[in-house]
Amino acid sequence: MDISLSIFISLAMFAVGIIGVLMKRNALVFFLSIEMMLNAANLLFVAFSREWGNQIGLVWVFFVLVVAAAEAAVGLAIIINLFRTKQVVDVDQYNLLRG
Amino acid sequence: MLFIVCLGLFTPLLGFLLLILTSHVISRRFAYWIACGAIFISLCCFKFLLIYYHQTGMDAENFNLYSWISMGAIQSNFLLHIDSLSLLMTLIITGIGFLIHVYSIGYMDHEEDYARYFAFLNFFIFAMLLLVLAGDLLLLFVGWEGVGLASYLLIGYYYNRPAAAQAATKAFVINRIGDLGLLLGILLTFYLFGTTDMTTVSQLAQQQFSVGAPIITVLTLLYFIGAIGKSAQLPLYTWLPDAMEGPTPVSALIHAATMVTAGVYLVVRMEDLFLMAPLTLQIVGWVGGITSLFAAICALAQTDLKRVLAYSTVSQLGLMFLACGAGAFYSGMFHLTTHAFVKALLFLSAGNIVHMLHGTTEMTKMGGLSKIFTKTHWLFLIGALALAGIPPFATFFSKDLILEQEYLAGFSSLFYIGLSASILTGFYLIRAYCLTFMGSTHLTPEEQQTVQEAPVVMLAPVMILGLLTIVGGLLGFTFYQEPLLESFLSPEVKINAIEKELKSGFVLTPETWLAIGGSVLSVCAAAWIYTRMRNRLGSTLQTVKKAFYINEIYWMLIGLPLQTVAWAITYILEPKFFERSLQWITQATQKVAQTFQQFQNGQIRSYVAWMVVGSVLLLVYLVF
Amino acid sequence: MSTATNIAQWILGFLLILSSIGVILVRKPIHASLCFLLTLLLLAAIYIQLAAPFIAVMQVIVYAGAILVIFVFVIVLFQDAHQQIEEFRAKSSPILLWTAAVTFLASLGLLAWSLMSLPAAIQTLPAGYGTVETLGKALYIDFFFPFEAIILLFLVAIVGALYIGKKEI
């Protein structure tokens with residue numbers, strides 16, 4: 001597969017992820033967009049690993065996957081807790097860190 | 001020698017410190033002993049110094065206590081200078097001071113705050129001694145300010161009375177105006193000569209400048225401005241009548257005998273400089289003469305007994321300056337001495353009456369007191385006649401000497417002014433005597449029951465002063481040879497040529513007869529008018545009584561604008577500008593904080609947006 | 001490669017972009033998660049294409065099978081709350097958000113445009129590229145320490161998630 005195509009797809013996914021983070025107010029879709037960004041990075045790793053024939057990229061993908069899983073678990077636990085405090089899933093209402 | 005001088009100088013200071021530190025706990029008797037004792041020790045020291053001085057031949061001596069300022073261009077030390085002039089002044093100060101301290105024991109017998117009074121009185125004696133013993137102009141200035149401060153403290157002794165507090169402030173402020181002149185003079189002295197040692201200054205001035213040099217005229221004028229403030233001459237005299245709000249012994253000591261004479265002392269001390277500036281001497285003479293006449297006219301219309309005496313003091317000081325203006329410094333000092341006795345006598349006998357009548361000084365409430373105050377009224381009469389210039393009392397000789405000097409030195413217009421002032425002196429003093437002691441009484445019946453003659457402790461000092469008044473003239477006159485005082489002062493105080501003529505004794509010139517005749521006439525006229533008509537001779541001209549409204553003019557010209565400015569600053573400038581600008585600063589800080597607060601609104605999306613912007617910038621930088 | 005592979009790549013890529021855009025464009029979050037599932041599966045296909053079969057399988061099992069399932073659970077848990085969002089006013093300033101988005105897109109576009117020409121992929125892959133055996137060897141021998149650290153991370157995440165999500169009774 002052509003490397004430039006992979007790069008293009010990856011950048012597109014990343015852009016979509018950023019737009020989702022900025023525009024969406026639902027906390028869960030917000031988080032989904034973050035996972036999308038991680039996937040874009042994964043794709044880039046795999047593509048370049050194939051480009052240079054090196055296994056290191058694949059090992060990195062492994063680690064990213066693990067971190068994404070852990071992060072998803074903890075993040076969702078936090079969202080559940082926030083929902084219990086604020087009774088909404090609107091990200092704009094989660095402003096307890098203001099000061 | 002130095003020990004005796006220091007003992008005499010610093011004992012009153014010790015007395016002051018002791019009394020002021022223990023003023024709440026000290027007992028009455030103890031306070032009296034400390035205060036009078038301190039002054040008595042001082043008096044003995046200076047008496048001893050006088051004898052010693054006389055024996056060793058009257059050389060002036062300098063004692064350098066402490067080297068105060070010595071930078072390259074400026075030299076000034078704590079220099080004490082003992083010569084006949086300063087010894088004369090110290091004897092007057094401590095002698096009359098001691099008598100007044102004893103008198104005050106009786107005057108203050110019903111006051112609770114006696115320790116404060118005696119402490120300040122001792123402090124005043126110390127400051128005045130420092131002033132006359134100083135051999136250095138800067139040290140003299142220290143004493144000068146000290147007596148000003150003591151005057152303020154003592155005039156405002158009855159601080160509960162608003163009139164007294166205002167009078168004290170007024171005295172201090174007006175003195176300050178004069179002090180500015182003196183301070184400028186001292187600075188000019190530093191600039192010209194590099195030192196303020198009086199003997200050095202006199203010598204250097206004679207070497208470096210010629211007679212009539214403009215800079216010396218300016219210098220002496222500045223000194224004279226200081227003297228005007230302290231000695232209550234014409235532009236700056238208004239504090240002295242108001243200063244009568246203080247206790248009567250204070251008026252006797254400070255505002256008759258000692259502090260107000262400091263100006264005359266300064267002029268006489270710096271006589272070498274003044275003789276080099278004939279223009280200043282003319283100004284001195286004219287100021288003194290006009291003040292003298294003006295104050296005498298004002299005294300004619302006063303109804304307050306102490307104010308009559310205050311204006312009389314101003315008038316006599318004018319005469320002393322008149323003498324200095326003609327170059328007759330010795331006559332000025334002689335009149336200073338005799339006037340000190342007489343004025344203290346007058347004030348203390350007035351004080352007897354005031355004390356016994358519980359503080360009234362209005363003559364309209366008195367009258368016919370000669371039956372009650374059998375001894376005091378004789379003493380007052382002696383004082384009044386003496387000051388009027390009737391021979392053979394002391395003041396006659398000194399006043400007459402001044403008038404003769406004036407005439408013979410060629411200032412005939414000033415002679416006539418001085419003569420009229422002297423004639424008026426007799427008139428108003430006898431008027432005061434008649435209104436107070438003669439005629440029918442205005443006392444209420446119960447006052448008539450309770451008022452009686454003053455106690456011995458108050459009478460005795462007055463009697464001593466009366467005695468001095470009668471015989472004091474002997475100090476300065478004899479028929480054929482050089483009088484005592486003159487020979488005493490002659491090494492220091494220049495006797496000018498005319499005085500040398502009179503040195504051979506007392507001569508009865510036509511001017512003398514004119515003066516004697518005028519005084520006798522005025523005395524008899526006043527006695528006749530005021531025993532018969534009892535002040536029915538027209539109601540007192542309000543203008544003259546208020547001293548031609550000079551007080552009010554000063555208030556409108558100077559006091560009122562300053563007060564308006566102060567009001568404007570307090571009510572307009574300060575709230576609108578200062579507080580507004582402070583408020584503006586706090587508001588601006590708050591706005592800045594609010595702007596920055598928007599970065600921390602807790603919105604995750606905003607945080608992410610700023611991060612994205614930052615990463616875009618980084619990307620652009622790294623890639624392109 | 002052959003044209004078929006090429007066309008297949010292009011179609012896959014196109015579909016992938018469509019589905020990822022779909023994640024953010026659809027209205028209901030449950031539909032968004034389904035679009036995300038489609039994205040993940042397409043990504044797995046691309047991984048296979050890129051000669052990394054193990055990664056593809058892992059992607060499906062871990063991402064699509066575990067993470068996405070948790071997401072769906074939570075979405076269903078909050079199903080009543082999703083409607084309420086429209087009632088509240090947005091508190092972040094839209095100007096800021098749109099500016100950030102537009103500039104980011106622009107910069108990414110520029111970046112992509114400058115990366116157009118790159119060397120072609122290596123044709124011959126080393127033996128055992130992408131298999132479980134070589135990957136396992138690399139993980140356990142070359143990258144042992146990060147591996148253990150990751151395990152620790154997992155432990156912390158588990159304990160953390162349990163603690164945060166616990167209901168106070």
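Only helices enter the 222 nm calculation for the protein assembly as shown: every DSSP H run of n ≥ 4 contributes -39,500 (n - 2.57), and dividing by all residues gives -23000 deg cm²/dmol, rounded to 500. Largest first, the extents of the alpha carbon coordinates of segment C:127-169 on the three principal axes equal 57, 18, 8 Å. Taking amide H as placed 1.01 Å from N in the peptide plane, B:T195 has its amide H under 5 Å from the amide H of B:Q75, each at least 5 places away in sequence or on another chain.
In whole percent, what relative contact order does chain B give with Cα contacts below 8 Å and a gap of six or more residues? Once normalised by length, the contact order is 12 percent.
About its Cα centre, the dipole of chain B is roughly 1520 debye, where the only charges are +1 on Lys and Arg Cβ and -1 on Asp and Glu Cβ. Legend: helices of chain C (whole DSSP H runs) are marked when their alpha-carbon atoms reach 18 angstrom or more along the helix axis and their mean Kyte-Doolittle hydropathy is at least -1.0; marked are C:3-25, C:29-49, C:94-114, C:144-165. The value of relative contact order for segment C:1-88, using C-alpha pairs under 8 Å at least six residues apart, is 25 percent. Spin-label model, B:S27/C:R27: points 7 Å from Cα along the beta carbon direction are separated by 10.9 nm.
Computed from label points 7 Å out along Cα-Cβ, the spacing between B:E111 and B:I569 is 3.4 nm. For the protein assembly as shown, build the charge dipole from Cβ charges (+1 Lys, Arg; -1 Asp, Glu) around the Cα centre, then report which of A:Y94, B:S251, B:I569 sits farthest towards its positive end. Final value for the positive-end residue is A:Y94.
For the protein assembly as shown, a crude dipole built from +1 on the beta carbon of Lys and Arg and -1 on the beta carbon of Asp and Glu, taken about the Cα centre, is about 2000 debye to the nearest 20.
For chain B, the longest principal axis of the Cα atoms and the long axis of helix B:198-208 meet at an angle of about 90 degrees. Rounded to the nearest 0.05, the FRET efficiency derived from the C-beta distance between B:V592 and A:R84 at R0 = 30 Å is 0.20. Between B:L65 and B:A165, the contour length at 0.36 nm per residue exceeds the Cα-Cα span by 32.3 nm.
Residues of segment A:33-60 falling in the label zone of C:A90, defined by backbone nitrogen less than 19 Å from a point 7 Å along Cα to beta-carbon, are A:33-34. Ordering B:L557, B:I297, C:L68 by the projection of their Cα atoms onto the charge dipole of the protein assembly as shown, which places +1 on the Cβ of Lys and Arg and -1 on the Cβ of Asp and Glu, puts C:L68 at the extreme positive end. For C:E168 and C:V60, a Förster radius of 45 Å and the Cβ-Cβ distance give a FRET efficiency of 0.75, rounded to the nearest 0.05. Selection among C:T39, C:H82, B:L79 by position relative to the dipole of the protein assembly as shown gives C:H82 as farthest towards the positive end (Cβ unit charges, Cα centre). On the beta carbon distance between C:S114 and A:W52, with R0 = 25 Å, the FRET formula returns roughly 0.80. Once the Cα-Cα distance is subtracted from the 0.36 nm per residue extended length, the B:Q583 to B:A525 segment shows a gain of 13.5 nm. Relative contact order of segment B:1-155, taken over Cα pairs closer than 8 Å and 6 or more residues apart, is 30 percent. Counting only DSSP beta bridges whose two residues both lie in the protein assembly as shown, roughly 90 percent are antiparallel. Stretched out straight at 0.36 nm per residue, the stretch from B:D272 to B:V456 would grow longer than its current Cα-Cα span by 61.6 nm.
Each reported figure results from applying straightforward, stated rules to the coordinates on display, with no laboratory input. Just so it is clear, the structure is predicted and the values come from calculations on it, not from any experiment. Every residue, glycine among them, receives a Cβ derived from its backbone with ideal geometry; neighbour counts consider all protein chains shown.
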